[in-house]
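Chemist: Submitted below is the structure of interest, expressed as structure tokens.
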Amino acid sequence: MQQSTNDTESQLDFVTILLYLLLVAAGFMCIYSSSHGTEGFKLNLETNYGKEIIWIVVSLVMGGLLFLIDARFFEVFSYAIYGICMGLLILVIFLGKEVNGARSWFELGGFRLQPAEFAKFGVSLALARYIGDMDVNLKRRRFQIITTGMIVLPILLIVLQGDAGSGLVFLSLLLVLYREGLSGAVLVIGLVALVLGVLTIAQGGTAVVIGVLAIIAVIVGFTYTNKAFLRKLALIAGSVVVYVVMVQIFFDKVLEPHQQIRIEVMLGLKEDPQGWGYNVNQSMIAIGSGGFLGKGYLKGTQTKGDFVPEQHTDFIFTSVGEEFGWVGTSAVVVLFVLLLLRIVHLAERQKNKFSRIYAYCVFSMLFFHVLINIGMTINLAPVIGIPLPFFSYGGSSMISFSLLLLLMVRLDANRGNELDSINY
Amino acid sequence: MRPDQSRSIVLRLAVILGGLILIIRLFYLQVVSDTYAQKSDRISKRIITDYPDRGLMTDRNGELIVFNADAYDLVVHLPMREKNLDTLAFCELLQINPEDYGPLLKTAKDHSFNGKGVFKKNLNAAEFARIQEGLYEFTDFEIETHADRKYAHSIAAHVLGYVAEISRRELEKDESKYYDAGEYLGKSGLEQFYEQQLRGIKGRKHYLVNNVGQIKEKVNDGKDDTEAIAGSPLEISIDAILQEYGELLMSGKTGSIVAIEPETGEILAMVSTPGYDPDEFAIKNLSQNYPRLVMDPGKPLLNRAVAAQYPPGSVFKLVMALIGLQEGVLTEETHFSCFGGFHMGSLTVRCHPHPSYPDLKYSLQTSCNAYYCNAFREILHQKKFANIEEGYNNWRGYLTRFGFGSTLGLDINQEKGGGVPTAEYFHKIHGRNQWSYVRIISLSIGQGELLLTPVQMANLAAIIANRGYFYTPHFARKIDGKSDIPKQFTEKHQTGVSPHHFATVVDAMASVVSGGTAAASRINGIEICGKTGTVQNPHGENHSMFIAFAPKDNPKIAIATVVENAGYGASWAAPISTLMIEKYINRDSTTTRPDLYRKITGTQPAGSSSGNNHSTVSHSTDSTHAAIDE
């Protein structure tokens, strides 16, 4: 045990830590830019950037504490942590404070805490522990059901709070399952379903059905086929028709009008600059007006004029876009890409399955957040209200992502001592 | 058990692909497309315009004519940022009906430009004070000040022109992109012609605003801001006293007076009646008065001095005499017989009784028609011309050089060119060169297709006063205190008639006033040279015309007066002209001819003010109207 502590020091992955610190620093600059007001810099805890300093410090301290705790602690107590997180998710539905129609925040003496953010931590640990268990074979139905349940439970709870966006994040864990042996066909079918769904909403179900049937007819016409193949095609055609009809019904009958509009605006079917699309429109103006090099730090006209709603939280990327231009946005994207690639690299070098799966959980959720958050600021993704890790203002997101990432570094640093799994 | 590590490659590729998609999309938004930069400027920057004072106008003696007064507009910045405007409170502040709010806002939006539309124009002083006070609650709205025009004297409305809001078409035509919708510019007269000098240069202050339209700070520390530069004052050639006097003499009549300083071409007075008070067209009054004045059958907006065209009648004989002398076909001693008119086969151009064998001078004094019918033959059918076309074009060339047949190019709008037919025109009617002077005989006595504007007639008087040349008549004297007026007004135009040929004509004109047809209008102490004209008007009473200049030597003023439907030239146009000359030369408030003054101002000339106006009288080719000359 003593020895492992020493090893930790020598094996810290400084590349990850450096990327992390760069992102946090860049994020802080943007929060300062979007919330500094007319006065100069003041270490004032009333301001958002002042509070963000606290969150950064807390994150670093807590991250540091991780290194004082035995690496095995998290594996051993992973189910307990998962349980606590789920408990908080249930509690917040009853005790939470309602913000923007979602009851997903605890309010503690002026500070807000969002359990959904911390749930990422719990779910990752539990999933790593469960799948990492030598006896688990993902090909067996029983394990598939349990795994699915572990992921779906937090999604349900978070959706119940009225914060569907944060819930969707957990779907990204499909990537972990993929890495651990889930058939790639599941992902492909998922993607095809997504494309068909979008086409159904955009073009109408009838057109999609006709199109798919036409394609199948062409395939039948141009290929020699045996009966088995034809039967398969018929099955596919049948599934597509059922699916498209269901999507159409879901969209028309189940979704509320405001939800329909969100989706339509995102798909570019509707111009709605004064309504819901206002945020995205303002976001694109801010980013688009940055040009190649940006307007200069603290010189963004849209940032200064508070034109972008929720700029310091969900739309923090607009501040990068406006003040640092394409060079700045690309740099941030590249930093995230490097971090994600580094995480994959770390994951793959783990000898311990728990560590590897945990690292992939971190990877999946970070990837989802980055892709969707940046995507929504430039109208490539629907605005589902999830923060940009390390950038967006907010303690819950800052702390949970820091812990997620730093625990991975902690586990990685300990990899030399994890030749064998824990015996329970 | 442990799946293939190659799946990590797929995930790595997914990350790189995702990153590339974001970067490419960002490249499109930030570098390729410029619509967002434009939108950003539009919503986050606000340009506040400082309107400069428009240049003042003073007369040739420094008398103030046009100056400025403030006018206020309520403008709305678009798109409006305030989503929940308290419409009722706003309407109460403006004291308008809440039902009108929507339509007014729509109008403002429809006519908006550069993110700004005029919500309510030309607030009066009370409205301004009240609205200014409560407007801070409505950040999308703002009061803008601009100058309105005020007039020290109610004179010369046609000449001064007016200022009004820029029209959509003018905006589209404005290649310099100087104007914004809702701004004002000179629409006619001098206000229009000297718009660039008078308007000055707008100042522009650039501000950053926030999402609710409050000004945050100056853009770029104000480095792009410009100060307003006041418009240049314009000294115009009008003599306010003379102008006012002319308008008084012409009141109740239809017609015009144009007085020119021959030496410079500066227009001393230009009267067109019926007219209007320039204040009726001040910005704040325009919308109220415009429809009425446009519909008025008397056409008060028409500047008859430049836009009405009349056959010059006997006045034209002066030109014929000068051409004949220059061509060498007439001399002082040339006589033509006249037995009650000019007879040629079945053609007769009647003349009035006078001694039957006049010489040149006498022919002008008595205005003998037959003399000029003969002179026309001599001018057109000289041996040096191969055919009638050459002869005609030679004659027509003189007219062109006298400034007839096309616009002179004054510095006000509305000007018409009059009419001098081309040889081609007669070829078409009579066949190529199948015509002679007989066919166009009425031109010789200033009738037929010949049309002149009053300013062309006044310019003719100036040409004779100058003995052969003229400067394009104009109003600008000094711009911004300097004499560099547009250079077309300082170029001397020669007519091609030598100075020594003018003596006979000038002498004849002097005797017209001293003892001829205009003797009744003479002014003691001023040697006035003049020529009466009366043009038969098939639509009603004849038009009374007179052109003159004075003094005979070293002339100071050349003048032309036309009184429509007023009968003989001697009865109305001549006394009005001589009273004007007296006023200008003596600069005396009392006239030596109170009898004339009473007659002109006290009684209405027959048939005037009837309202309908044949400003343009045309005559058919072959009809030979007798000019009824005195």
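Just so it is clear, none of the values below were taken in a lab; they were calculated from the coordinates. Remember, it's a predicted structure, so these values are computed and weren't measured experimentally. Note that we place each Cβ from the backbone using ideal geometry, even for glycine, and neighbour counts take in every protein chain shown.
Chemist: For B:I260, list long-range residues whose amide hydrogen, built 1.01 Å from N in the peptide plane, is under 5 Å from its own amide hydrogen.
Modeler: B:L268, B:A558, B:I559
Chemist: To the nearest 10 degrees, how steep is helix B:454-466 against the longest Cα principal axis of chain B, on a 0 to 90 scale?
Modeler: 60
Chemist: Can you tell me the FRET efficiency between B:L248 and B:S287 if r is taken as the Cβ-Cβ distance and R0 is 25 Å, rounded to the nearest 0.05?
Modeler: Computed FRET efficiency for B:L248 and B:S287 comes out at 0.30.
Chemist: Of the peptides B:550-557, B:365-372, how do they stack up when ordered by the mean number of other Cβ atoms within 10 Å, highest first?
Modeler: Ranking, from highest mean packing down: B:365-372, B:550-557.
Chemist: A further question on this structure: Can you tell me the alpha carbon radius of gyration of chain A divided by the globular rule-of-thumb value 2.2 N^0.38 Å?
Modeler: Dividing the Cα Rg of chain A by 2.2 N^0.38 Å gives 1.06.
Chemist: Which distance in nm do the two modelled labels at A:L171 and B:E390 give, with both placed 7 Å along the Cα-to-Cβ direction?
Modeler: 9.8
Chemist: Another question about this same structure. Quick one: dipole size for region B:341-435, taken about the Cα centre, charges +1 on Lys/Arg Cβ and -1 on Asp/Glu Cβ, in debye to the nearest 20.
Modeler: 220
Chemist: Taking the Cα centre of the protein assembly as shown as origin, sum charge times position over the Cβ atoms of Lys and Arg (+1) and Asp and Glu (-1), and report the length of that vector in debye to the nearest 20.
Modeler: 3260
Chemist: Picking from B:L160, B:S176, B:A230, whose Cα lies most toward the positive end of the charge dipole for region B:46-236 (charges on Cβ: Lys, Arg +1; Asp, Glu -1)?
Modeler: Final value for the positive-end residue is B:S176.
Chemist: If each residue of separation counts as 0.36 nm, what is the full-extension length gain between A:F77 and A:L65 once their alpha-carbon separation is subtracted?
Modeler: 2.7 nm
Chemist: Please compute the contact order of region A:137-244 in relative form: average sequence separation of alpha-carbon pairs under 8 Å and at least six residues apart, divided by the residue count, as a percent.
Modeler: 18
Chemist: Specify which residue in the list B:Y392, B:Y290, B:F339 is farthest towards the positive end of the charge dipole of region B:286-396, using unit charges on the beta carbon of Lys, Arg (+1) and Asp, Glu (-1), about the Cα centre.
Modeler: After comparing all options, I get B:Y290.
Chemist: Please give the length that would be gained between A:A228 and A:L18 if that part of the chain were fully extended, namely 0.36 nm times their separation in residues minus their C-alpha to C-alpha distance (nm, one decimal).
Modeler: Residue separation times 0.36 nm, minus the Cα-Cα distance, leaves 70.0 nm.
Chemist: Just need the relative contact order of region B:46-236 here, percent rounded to a whole number, with Cα pairs under 8 Å and 6+ apart.
Modeler: 34
Chemist: Take each uninterrupted DSSP H stretch in chain A, measure its Cα extent along the helix axis, and return the ones at 20 Å or beyond whose mean Kyte-Doolittle hydropathy is at least -0.5.
Modeler: TM-like helix candidates: A:14-35, A:48-66, A:78-95, A:115-132, A:141-160, A:184-203, A:205-222, A:227-249, A:317-348, A:353-377, A:395-413.
Chemist: Roughly how many debye, to the nearest 20, is the charge dipole of region B:46-236 about its Cα centre, given +1 on each Lys and Arg Cβ, -1 on each Asp and Glu Cβ, and no other charges?
Modeler: 380
Chemist: To test your reading of the geometry: what angle, between 0 and 90 degrees and rounded to tens, separates the Cα axis of helix B:317-327 from the longest principal axis of chain B?
Modeler: 80
Chemist: Can you return the aspartates and glutamates within cross-link range of B:K173? Criterion is Cα-Cα under 20 Å, with same-chain partners fewer than 8 residues away left out.
Modeler: Answer for B:K173, where 20 Å is the Cα cut-off: B:D110, B:E165, B:E183, B:E191, B:E195, listed by chain and number.
Chemist: For the protein assembly as shown, give the share of DSSP beta bridges that are antiparallel, in percent and rounded to the nearest 5; count only bridges with both residues there.
Modeler: Just about 95 percent of them are antiparallel.
Chemist: Of B:K120/B:K416; A:K139/A:K232; B:K116/B:K416; B:K121/B:K253; B:K416/B:K482; B:K416/B:K478, which sit over 28 Å apart, Cα to Cα?
Modeler: B:K120/B:K416; B:K116/B:K416; B:K121/B:K253; B:K416/B:K482
Chemist: Under the definition of partner shielding as Cβ atoms of other protein chains within 10 Å of a residue Cβ, what is the mean value for peptide B:6-17?
Modeler: Averaged over the peptide's residues, the number is 6.
Chemist: Which of the chymotrypsin sites (Phe, Trp or Tyr not before Pro) found in region A:159-232 are loop residues per DSSP with 16 or fewer other Cβ atoms within 10 Å of their Cβ?
Modeler: A:Y224
Chemist: Using 1/(1 + (r/R0)^6) with R0 = 30 angstrom and r between the beta carbons of B:E227 and B:S176, what's the FRET efficiency to the nearest 0.05?
Modeler: After rounding to 0.05, the efficiency reads 0.95.
Chemist: What length, rounded to one decimal in nm, is gained on full extension from B:K428 through to B:D50, with 0.36 nm per residue of separation minus their alpha-carbon distance?
Modeler: The B:K428-B:D50 span can extend by a further 130.1 nm.
Chemist: Additional query: With both bridge residues required to lie in chain B, what share of the DSSP beta bridges run antiparallel, to the nearest 5%?
Modeler: Beta bridges within chain B, antiparallel portion: roughly 95 percent.
Chemist: Evaluate the distance, in nm, between pseudo-label points positioned 7 Å from the Cα of A:M134 and of A:I210 along their respective Cα→Cβ axes.
Modeler: Using points 7 Å along Cα→Cβ, the separation is 6.1 nm.
Chemist: Below 8 Å between Cα atoms, with a sequence gap of 6+, how large is the relative contact order for chain A in percent?
Modeler: Here the relative contact order equals 26 percent.
Chemist: Continuing with this model, one more query. Evaluate E = 1/(1 + (r/R0)^6) for A:E107 and B:N220, where r is the Cβ-Cβ distance and R0 equals 60 Å; express this FRET efficiency to the nearest 0.05.
Modeler: 0.90
Chemist: Looking at the square roots a ≥ b ≥ c of the eigenvalues of the Cα gyration tensor of region B:394-528, which shape do they give, rounded for a/c under 1.5, prolate if a/b is larger than b/c, or oblate?
Modeler: oblate
Chemist: Give me the one-decimal nm value for the distance between modelled label points at B:N97 and A:V195, 7 Å along each residue's Cα-to-Cβ direction.
Modeler: 6.1
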